[in-house]
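Peer 1: Sending over a structure as structure tokens; questions will come in a sec.
Values quoted throughout were computed directly from the atomic coordinates according to the rules given, and no laboratory measurement underlies them. Everything numeric here is computed off the predicted structure, so don't read it as measured data. Heads up, the Cβs are rebuilt from the backbone with ideal geometry, glycines too, and the neighbour counts pull from every protein chain shown.
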Amino acid sequence: MLKPITFPLSLLFVFFFYPAAAASYNVASYGAKANGKTDSSGAFLKAWAMACGSVGPAEIYVPPGRYLLNQAVRFGGKCNNSRTMIRIDGTLLAPSDYRVLGSSERWITFQGVNGVFIYGGTLDGQGSSLWSCKAAGKSCPVGARSLSFVNSRNIVISGLSSINSQLFHITIGGCHNVHVRGVTITAPGDSPNTDGIHVESSSRVAIVSSSMRTGDDCISIGPATRNVWIENIACGPGHGISIGSLGWSLNEAGVQNVTVKTVTFTGTQNGLRIKTWGRPSKGFVKGVLYQNAIMKNVENPIIIDQNYCPHNKDCPGQASGVKISNVRYKHIQGTSATQVAVKFDCSTKNPCTGITLEDVKLSYNENQKAQSSCANVGGTASGLVQPSSCL
Ligand SMILES: *[C@@H]1O[C@H](CO)[C@@H](O)[C@H](O)[C@H]1NC(C)=O
Ligand SMILES: *[C@@H]1O[C@H](CO)[C@@H](O)[C@H](O)[C@H]1NC(C)=O
């Protein structure tokens, strides 16, 4: 018997019916210039105000071309509608002189919004002048994140490219229900603090089918975050996918229920990393599943580091208070660029518990034997585990 084909109605609604029904606001109609030179931020803000005031679903359209947004731009306010699609065919340019954003910390921010869908587009953070300033050891501002969602919910970011951010490319903080899909992030491997996507104080965040080549973490997960799903990611160059740094503060909410699935790391500093400060904290990490990862020439493919204390400042001799439990590594394979491919360096005060390795096969370079290293860690290994487990 033939089964009737059922379509996911919600998807049809979003992708087919919704744009036609929505009121559309073209940034060009509000004075945006596609010449890459005229500051178009006022036009973008006007289009946002129109969409925000629209009673039904709204669309903001950015035609092809290069649009300079020469200041920190914040989209927010109490909107009448809870469905705004921002369809971008063009490139948004940050000020090329880092002094313009100075210490504003954020370039494009969505704050307190509900139901924002970003489709397509390129963000060019033009970060190179700031990186040179930092490399020269001059006194420079910390830089601005390219795209931030703050205290928002029901967000979709799909098909966006972000290049050369001054600082982090995308940050998600204080948000609920965020779906990131088909995003491409690119910055040089030696660019400082150009993390791909940073998530903290958020719940129900999915990051799927995306690639990150950056100078820092491809994805990082900060305190007070739960129910994160990361799948089908290409990472490298970069510092890998990190939970952390955690445990800087004493009263810190933990990280819970994180899945990282089907990830390829290429030439990264770390693969799957959990990192906590060596300081007292009430933080925790519990319920992490790492499944199906391929490591290609990764310095630290599997690592828990609870003794993070850069420059031995503010923490020497202290133990991390962060409790790490219930972390599974399942079907992880490939090559380590250093001999120690599996490293669990847990807290002397709060040993890691419930760490499991299942079908892990890592070699040092192509065919040398790798090693594992354990400190203050409890757990089990099953299936084929190479290097042999020290749990
Ligand atoms: C929302 O709609 C009402 C009624 O149409 C209007 O008076 C108000 O200005 C709108 N809000 C915004 C933020 O535009
Ligand atoms: C864990 O997170 C996933 C989403 O990533 C969610 O579907 C699942 O229900 C969560 N599990 C629990 C026990 O909350």
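Peer 1: Helix-only estimate, please: 222 nm mean residue ellipticity of the chain, summing -39500 (n - 2.57) across DSSP H runs of length 4 or more and dividing by its residues, to the nearest 500. Mind showing how you got there, number by number?
Peer 2: Working: 5 runs with 33 residues, N = 391.
Only helices count here, giving -2000 deg cm²/dmol.
Peer 1: Determine the sum of side-chain charges near Thr353: Lys and Arg each +1, Asp and Glu each -1, restricted to other residues whose C-beta is under 14 angstrom from that of Thr353.
Peer 2: Numbers: positive: Lys286, Lys323, Arg328, Lys349; negative: none.
Within the 14 Å Cβ shell, the charges total +4.
Peer 1: Can you give the three extents of the C-alpha atoms in the range 174-217 along their principal axes, from longest to shortest, in whole Å?
Peer 2: 32, 21, 9
Peer 1: Also: Remind me, relative contact order of the range 23-386 in percent, using alpha carbon pairs under 8 angstrom and six or more residues apart?
Peer 2: On the way: 1225 pairs, mean separation 29.5, N = 364.
So the answer I get is 8 percent.
Peer 1: Tally Lys/Arg at +1 and Asp/Glu at -1 over every other residue whose Cβ is under 13 Å from the Cβ of Ala375; what's the total? Can you show the working numbers first?
Peer 2: Details: positive: Lys343, Lys349; negative: Asp305, Asp345.
Combined, the nearby Lys, Arg, Asp and Glu give 0.
Peer 1: With angles folded into 0 to 90 degrees, how steeply does helix 41-53 sit against the dominant principal axis of the chain? Use alpha carbons for both and round to 10.
Peer 2: Between the helix axis and the principal axis of the chain, the angle is about 80 degrees.
Peer 1: Another one. Within the set of other residues whose C-beta is less than 12 Å from the C-beta of Ile332, count the net charge using Lys and Arg as +1 and Asp and Glu as -1.
Peer 2: Numbers: positive: Lys261, Arg328, Lys330, Lys361; negative: Glu358, Asp359.
Overall, the nearby charge balance is +2.
Peer 1: When ranked by the protection proxy of mean other Cβ atoms within 10 Å per residue, highest first, what sequence do the peptides 117-124, 265-272 form? Could you put the intermediate results ahead of the total?
Peer 2: Working: 117-124: 19.6, 265-272: 23.5.
Packing order, densest peptide first, comes out as 265-272, 117-124.
Peer 1: Arrange the peptides 323-333, 158-168 so that the one whose residues have, on average, the most other Cβ atoms within 10 Å appears first. List each step's numbers first, then the result.
Peer 2: Details: 323-333: 20.5, 158-168: 23.3.
Those peptides, ordered most packed to least, come out 158-168, 323-333.
Peer 1: I need the per residue convex hull volume for the range 67-151, using only the alpha carbons, in cubic angstrom as a whole number. Intermediate results must be reported in sequence, preceding the final value.
Peer 2: Working: hull volume 7.7 nm³, N = 85.
For the range 67-151, the hull spanned by Cα atoms encloses 91 Å³ per residue.
Peer 1: Here's another thing I want to ask about it. R0 = 56 Å: FRET efficiency of Gln368 with Ser139, Cβ-based, nearest 0.05? Write out the running numbers ahead of the final one.
Peer 2: Details: r = 45 Å, r/R0 = 0.80.
Result of the calculation: an efficiency of 0.80.
Peer 1: Moving to a separate point now. For the range 157-260, what percent of Cα pairs sit more than 18 Å apart? Don't skip to the end; give the middle numbers.
Peer 2: Values: 2218 of 5356 pairs.
Result for the distance tail: 41 percent.
Peer 1: Still on this structure: On a full-extension model of 0.36 nm per residue, what is the gain between Thr348 and Ser29, subtracting their alpha-carbon distance, rounded to one decimal in nm?
Peer 2: On the way: separation 319, 0.36 × 319 = 114.84 nm, distance 6.19 nm.
Separation in residues times 0.36 nm, less the Cα-Cα distance, equals 108.6 nm.
Peer 1: Same structure, new question: Shape call for the range 336-391 from the C-alpha gyration tensor, a ≥ b ≥ c root eigenvalues: rounded (a/c under 1.5), prolate (a/b greater than b/c) or oblate?
Peer 2: Working: a/c = 3.50, a/b = 1.59, b/c = 2.20.
Judged from the Cα gyration tensor, the range 336-391 comes out oblate (a/c at least 1.5, b/c at or above a/b).
Peer 1: Give me log10 I(q)/I(0) at q = 0.06, 0.08, 0.10, 0.14 Å⁻¹ for the chain, Debye formula, one equal scatterer per alpha-carbon, no solvent.
Peer 2: -0.25, -0.45, -0.69, -1.19
Peer 1: Over the range 18-58, what is the mean sequence separation of C-alpha contacts under 8 Å (at least six apart), divided by residue count, expressed as relative contact order in percent? The partial results should precede the final answer.
Peer 2: Details: 40 pairs, mean separation 20.3, N = 41.
Result for the range 18-58 is 50 percent.
Peer 1: Which FRET efficiency, nearest 0.05, do Asn312 and Ser132 yield, Cβ-Cβ r, R0 30 Å?
Peer 2: Working: r = 28 Å, r/R0 = 0.95.
Efficiency, rounded to the nearest 0.05: 0.60.
Peer 1: OK, next. Within the chain, which cysteines find no other Cys whose Cβ is under 4.7 angstrom from their own?
Peer 2: Here Cys175 come out as lacking a disulfide-compatible partner, given the Cβ-Cβ threshold of under 4.7 Å.
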